[in-house]
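Take a look at the structure set out below.
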Amino acid sequence: IRNLLSDLPVQHVSYNDENIKTGYIFDINSFTISYINGEKTSVILKMSNLGTDLSIVATKLDMYEVETYFYESLSSVVSSYVRIPKHYGTLRDNERVGILLEDLRKLPGSFNHDLNHDVDILLGVVKHAHSMHSTFFFEKYDSVLSSMRRLRTVDSIMYYQDLVRDRFEIFMSKNRLFLSEKDKEILTLIKDKFSVILELLSTYPISFCHGDLKSPNIFYANNCTPYFLDWQYAHLNKGVSDIAFLLVESIHFEKNLVSLVERYYFKLENQRRNHYTYEQHMNEFRLALCSFPFFVCVWFNSENTEKLLDKAFPIKFMKNLLAFYDEYLSAEFLKSL
């Protein structure tokens, strides 16, 4: 850490004995930096945690290297349009990688705000996300910024398809008591059309996307302004895919609120691209509900629940996602793809 901060007058670095987060994918620890002039500040070290079932999936998804690439190559550009923690550098311990970041806890604010009860903040998150999507919007591959060309489109993240193929029957068997016949039909159709869905979401024009946009991955400065965290899923996709996952992950399905958010995003996009129709928007929104949210649902609902930190997460996520499917998807739509 001292080497990474070699351009600063650092006198001492000390480990803070506090449990911020220790998980199956990342460990997050803090350190106090003492400067020669007596001032102190804290920094966050986000370190990959290898050897667990979830970290094996994370490695196959290249999550550790994607986030490292984001902070090393893209954060300086993206931070002009959305707030992110300052990046001090990257360190490696054999196969493990650590990212040294600003400790946002020094700012007034909070993490993981409950967006169900604060529409203003929810729409603020959507507006900031759209600002990023519209700035890094690419009509064709040749227009993609050279610094972003290492990013993958969802159809080229092959482990999405591999996991769904390998685990779908386990997922269905494990959760059959929670599924109606309609649920089973819709889920099976999504599985059958999964590669097509990912291909459609990967067609240009597309945007730079966060990939895992949800309230737990946001710090709200002054309980208002969002700082986007956890960029391990960054990729190229339809911008509305970030909004679809934000809603499924962070909002208890309520038709009026969900409709307000997706229509607000459409209006923002339509102002920029007045030829962009609501029909196009809804088609992309439906496809987005069938991509990463579906992958997460199959992934976590086919894991050994006893190995999860939040054992209730898989079933809660699935039930909420099924409510979105009940409202927005039909067998006819999926069969037409």
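The values are calculated or read from the model by the stated rules, or taken from the named source; none is laboratory data. These numbers were taken from a predicted model, which means no experiment stands behind them. So basically every Cβ, Gly included, is an ideal-geometry build from the backbone, and we count neighbours across all protein chains shown. In case anyone asks, the SASA skips ligands and DNA or RNA and just uses the protein heavy atoms, side chains included. Shrake-Rupley method; radii C 1.70, N 1.55, O 1.52, S 1.80 Å.
Please work out which one of (1) at pLDDT 95 or above; (2) β-branched (Val, Ile, Thr); (3) more than 12 Å from the chain's Cα centre (by Cα) is the condition Thr305 fails and give its number.
Among (1) at pLDDT 95 or above; (2) β-branched (Val, Ile, Thr); (3) more than 12 Å from the chain's Cα centre (by Cα), Thr305 violates only (1).
Please pick out the residue among Ser42, Ser14, Ser34 that is more than 23 Å from the chain's Cα centre (by Cα), closer than 22 Å to Ile218 by Cβ and assigned to a strand (DSSP E or B).
Numbers: Ser14 fails: closer than 22 Å to Ile218 by Cβ; Ser34 fails: closer than 22 Å to Ile218 by Cβ.
Ser42 is the lone residue from the list that is more than 23 Å from the chain's Cα centre (by Cα), closer than 22 Å to Ile218 by Cβ and assigned to a strand (DSSP E or B).
Of the conditions (1) buried (at least 20 other Cβ atoms within 10 Å of the Cβ); (2) more than 25 Å from Glu185 (Cα to Cα), Cys290 satisfies every one except a single condition; which number is it?
Here Cys290 clears every test but (2).
Which condition from (1) farther than 23 Å from Tyr159 by Cα; (2) at pLDDT 95 or above is the one that Val296 breaks?
Checking Val296 against (1) farther than 23 Å from Tyr159 by Cα; (2) at pLDDT 95 or above, the one that fails is (1).
For (1) in contact with an Asp or Glu (Cβ under 8 Å, 6 or more places away or on another chain); (2) within 15 Å of Leu229 (Cα to Cα), each residue gets a yes or a no:
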position	(1), (2)
Asp17	no, no
Ile33	no, no
Glu39	no, no
Leu54	yes, no
Glu65	no, no
Thr68	no, yes
Val97	yes, no
Lys106	no, no
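Please verify whether Leu260 is open to solvent by 10 Å² or more (accessible area, probe 1.4 Å), more than 25 Å from Tyr71 (Cα to Cα) and either part of a helix (DSSP H, G or I) or in contact (Cβ under 8 Å) with a residue 12 or more places away in the chain (or both), treating the condition exactly as stated.
Details: open to solvent by 10 Å² or more (accessible area, probe 1.4 Å): yes; more than 25 Å from Tyr71 (Cα to Cα): yes; either part of a helix (DSSP H, G or I) or in contact (Cβ under 8 Å) with a residue 12 or more places away in the chain (or both): yes.
Against the criterion (open to solvent by 10 Å² or more (accessible area, probe 1.4 Å), more than 25 Å from Tyr71 (Cα to Cα) and either part of a helix (DSSP H, G or I) or in contact (Cβ under 8 Å) with a residue 12 or more places away in the chain (or both)), Leu260 qualifies.
Identify, by number, the condition in (1) at positive phi; (2) buried (at least 17 other Cβ atoms within 10 Å of the Cβ) that Gly38 doesn't meet.
Status for Gly38: all satisfied but (2).
Which helices (runs of 4 or more DSSP H) sit wholly inside segment 159-251 and have at least 1 residues that are open to solvent by less than 10 Å² (accessible area, probe 1.4 Å) and acidic (Asp, Glu)? Walk me through how you get there before you give the answer.
Working: elements: 181-192, 194-201, 240-250.
Qualifying helices (runs of 4 or more DSSP H): 240-250.
Which number in (1) open to solvent by less than 10 Å² (accessible area, probe 1.4 Å); (2) charged (D, E, K, R); (3) more than 22 Å from Val154 (Cβ to Cβ) marks the one condition that Glu67 misses?
(3)
If we keep just the residues of segment 308-333 that are open to solvent by 40 Å² or more (accessible area, probe 1.4 Å) and within 18 Å of the chain's Cα centre (by Cα), which is nearest to Thr52 (Cα to Cα)?
Ranking the qualifying residues of segment 308-333, first place goes to Asp310.
Go through segment 267-307 and give me each residue that's more than 21 Å from Ser330 (Cα to Cα), among the hydroxyl-bearing types (Ser, Thr, Tyr) and in a helix (DSSP H, G or I).
To start, the set of residues in segment 267-307 that are more than 21 Å from Ser330 (Cα to Cα) comprises 267-276, 299-307.
From what's left, among the hydroxyl-bearing types (Ser, Thr, Tyr): 276, 302, 305.
Passing the criteria: only Thr305.
Suppose we keep only residues that are in contact (Cβ under 8 Å) with a residue 60 or more places away in the chain and touching a strand residue (DSSP E or B) at 6+ places or on another chain (Cβ under 6 Å) within segment 76-89. Which one would you say is most open to solvent (accessible area, probe 1.4 Å)?
Within segment 76-89, the first condition is being in contact (Cβ under 8 Å) with a residue 60 or more places away in the chain, and the residues that meet it are 77-78, 82-85, 88-89.
Retained after the next criterion (residues that are touching a strand residue (DSSP E or B) at 6+ places or on another chain (Cβ under 6 Å)): 82-85, 88-89.
Details: Val82: 5, Arg83: 111, Ile84: 19, Pro85: 7, Tyr88: 56, Gly89: 10 Å².
Only one residue fits best here, namely Arg83.
Within segment 101-127, which residues are open to solvent by 50 Å² or more (accessible area, probe 1.4 Å) and either over 30 Å from Ile33 (Cα atoms) or in a helix (DSSP H, G or I) (or both)?
Arg105, Lys106, Asp114, His117, Val119, Asp120, Lys127
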